[in-house]
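The values are calculated or read from the model by the stated rules, or taken from the named source; none is laboratory data. Quick caveat, the model's predicted, so the values are computed rather than measured. Positions of Cβ are backbone-derived with ideal geometry, glycine not excepted, and every protein chain shown enters the neighbour counts. Surface areas here come from the heavy atoms of the whole protein model, side chains and all, with no ligands, DNA or RNA. Shrake-Rupley method; radii C 1.70, N 1.55, O 1.52, S 1.80 Å.
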Amino acid sequence: MSSGESVTVKSEQSSSEIVAPAPPRDVMVADVVSGAPTELRHRAVRIYQPTRNTMQSGGAKMERWRIDWDILPGGGRWENPLMGWASSADYMQGTRISFRSKEDAIHFAEKQGWDYYVQPSVVKRVPPKNYSENYKYIPGSLRIMKTK
């Protein structure tokens, strides 16, 4: 056998391997020992995958899932008279928590004892673009329109 050749060995055990389902997670609720206020325990949180920023071309942090609190009904919103900023009595409105997967976010919400709902992620469709289309000759149509 020469040094450029490689040998692939398949075992019969891998083809007959039985995959067992993952055991259900036992969730021990941590809201009693967390020290969180009681009004926070039954607020609904939204678990979602944020969309890409339209001002950026990169797709970083697109795979992450986020927990966000719903707006508190009657949360006492007002306009700050000095600066004109919008103020709120809801201390959780600006809080966001990121997770690597949807299952991690759900497990965290269950562990904290929060009511949650999962917003389905939007299918990301990237339209095909071709740079040469900018210079393609189309008979009968004027590509550059002059305004003066």
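Observations, loosely collected:
- Candidate set: the range 26-67, residues that are among the charged types (D, E, K, R) and open to solvent by 70 Å² or more (accessible area, probe 1.4 Å); chosen: the one modelled with the lowest pLDDT: ASP26
- Residue in the range 50-72 that is closer than 18 Å to TYR117 by Cα, over 24 Å from the mean Cα position of the chain (by Cα) and not small (Gly, Ala, Ser) present: no
- Residue that is under 28 Å from ALA60 (Cα atoms) and at pLDDT 85 or above, where the choices are ARG125, ARG96: ARG96
- Among the residues of the range 76-93, the ones that are open to solvent by 70 Å² or more (accessible area, probe 1.4 Å) and either touching a residue at least 24 places away in the same chain (Cβ under 8 Å) or of a type outside the set (Phe, Trp, Tyr) (or both) come to 7 in all.
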